[in-house]
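Just so you know, all these numbers are worked out from the coordinates, no wet-lab data involved. Every value quoted in this text rests on a predicted model; they were computed, and no experiment measured them. Here the Cβ is made from the backbone with ideal geometry for all residues, glycine too, and neighbour counts use every protein chain on show.
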Amino acid sequence: MPADFTSLRNYYEHPVVDAVMAAAPHYPMLGEEELPDVACVALNRLPTRYIRHQADLAFYLTEKERQENEKQVNEAVSYAFEFVQARVAMRARR
C-alpha cells in the first residue's frame with residue numbers, strides 16, 4: 001500500500017493567510033489578485049516547518065515560541081505587503 005503524503009503542509013500557511021486577510025483592508029491599492037502574491041512573499045521569508053496536523057507543532061510549542069512565531073508572521077506579512085505594493089506601483093508607472 002503506498003504512503004499518503006497529502007496531509008503534509010507548511011505550518012505557516014494558515015497563519016500567514018489569516019494575517020494577509022486581516023491586513024488587506026489597510027492596503028487598498030492591492031486587490032484580491034495580489035493577495036496570494038503577498039502570502040507567497042511572506043511564506044518565503046519564514047522558516048519552513050512541515051507538519052501533518054496543525055496540532056502537531058502547536059502541542060509542542062511553549063507560549064514564548066508561539067508569540068515569537070506570531071511576531072515573525074506579522075513581520076513577514078508587513079514586509080510582503082510593502083514589497084508587492086511597490087511592485088504594483090512600479091508596474092503602473094510603465
Of the chymotrypsin sites (Phe, Trp or Tyr not before Pro) in the chain, those whose Cβ has at most 13 other Cβ within 10 Å and which sit in DSSP loop: Phe5, Phe59, Tyr60
The ³J(HN,Hα) series, computed from each phi in the range 68-77 with the Karplus coefficients 6.51, -1.76 and 1.60 at θ = phi - 60°, rounded to the nearest Hz and given as x for glycine or proline, is 5, 4, 4, 4, 4, 4, 4, 5, 5, 5
In the range 1-61, GluC sites (Glu not before Pro) in a DSSP loop with at most 12 other beta-carbon atoms within 10 Å: Glu32, Glu33
Tell me, what ³J(HN,Hα) does each residue in the range 24-34 have, in order and in whole Hz, if you take phi through Karplus 6.51 cos²θ - 1.76 cosθ + 1.60 with θ = phi - 60° and put x for Gly and Pro? 3, x, 7, 10, x, 5, 9, x, 4, 5, 8
As a test of the formula, what do you get for the chain when each DSSP H run with n ≥ 4 contributes -39,500 (n - 2.57) and the sum is divided by the residue count, at 222 nm and rounded to the nearest 500 deg cm²/dmol? -19500 deg cm²/dmol
Residues other than Leu30 with Cβ under 11 Å of its Cβ, Lys/Arg counted +1 and Asp/Glu -1, net out at -4
Defining a contact as two alpha carbons under 8 Å apart and six or more residues distant in sequence, what relative contact order in percent does the chain show? 41 percent
Please work out the ratio of the alpha-carbon Rg of the chain to 2.2 N^0.38 Å and round it to two decimals. 1.26
Using only Cα atoms, find the angle between the long axis of helix 35-44 and the longest principal axis of the chain, and express it within 0 to 90 degrees, rounded to the nearest 10. 60 degrees
